[in-house]
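Single-structure report; data block below.
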Amino acid sequence: MFGLGMLTNLVIIWRLFFCSPEINSANPFAHIKVEQQELIIGEARFPVHEVRKVAIDRSDGKGLLQLPYNGGGQIQWVFDDRYSEELKAYIRRTMPNAEIID
């Protein structure tokens, strides 16, 4: 049982450190939008007034959007990082009460 747990942990560590996340969409605006007081990311929907923090970061040519306190912290969208600043401006404009974490 202990060996199985160790093997599982090794697989998780390998994935975290050596496998970069795939780009969900080169252009995040194809799948991330705010309309009718809802933030829509892919198939997930969140009431705008409940979203307090949005993490947008850049690394290795990829942009990453996460909702750290919504969706169980599991919402993550990877996109071409050249859209990062435009996405931040969009979030500021459409969700003025949400804090953007860089």
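Quick check on my filter: what residues within the stretch 55-67 are part of a strand (DSSP E or B), out of contact with any helix residue (DSSP H, G or I) (no Cβ under 7 Å at 6 or more places or on another chain) and open to solvent by less than 40 Å² (accessible area, probe 1.4 Å)? Talk me through it step by step, then tell me what you get.
Applying the first criterion (part of a strand (DSSP E or B)) to the stretch 55-67 yields 55-59, 62-66.
Narrowing the set further to residues that are out of contact with any helix residue (DSSP H, G or I) (no Cβ under 7 Å at 6 or more places or on another chain) leaves 55, 57, 59, 64, 66.
The answer is A55, and nothing else.
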Review point. Of the residues N70, N24, which single one is within 14 Å of N97 (Cβ to Cβ), crowded, with 16+ Cβ neighbours inside 10 Å and among the polar types (S, T, N, Q)?
Key: N70
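When you look at K62, is it in contact with a Pro (Cβ under 9 Å, 6 or more places away or on another chain) and basic (K, R), yes or no?
Numbers: in contact with a Pro (Cβ under 9 Å, 6 or more places away or on another chain): yes; basic (K, R): yes.
Criteria met by K62.
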Practice item. Look at the stretch 39-54 and say how many of its residues are crowded, with 16+ Cβ neighbours inside 10 Å and under 14 Å from Y90 (Cα atoms). Key: 4
**Study point:** Near pairs, Cβ below 8 angstrom, 6+ apart or cross-chain, from the stretch 33-60 (closer than 11 Å to A98 by Cα) to any residue that is open to solvent by less than 30 Å² (accessible area, probe 1.4 Å) and of a type in the set (G, A, S)
**Key:** V48/A98; V51/A98; R52/A98; K53/A98; V54/A98
Point to revise | the stretch 73-89: number of residues that are in contact with a helix residue (DSSP H, G or I) (Cβ under 7 Å, 6 or more places away or on another chain) and either open to solvent by less than 40 Å² (accessible area, probe 1.4 Å) or part of a loop (DSSP other than H, G, I, E, B) (or both) | key: 3
**Study point:** K33 vs. criteria open to solvent by 80 Å² or more (accessible area, probe 1.4 Å) and at pLDDT 90 or above
**Key:** yes
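The values are calculated or read from the model by the stated rules, or taken from the named source; none is laboratory data. For clarity, every value in this text was computed on a predicted model and none was experimentally measured. Because the Cβ atoms are built from the backbone with ideal geometry, glycine has one as well, and the counts that use them run over all protein chains shown. Just so you know, the surface numbers come from the protein's heavy atoms only, side chains and all, with ligands and any DNA or RNA stripped out. Shrake-Rupley method; radii C 1.70, N 1.55, O 1.52, S 1.80 Å.
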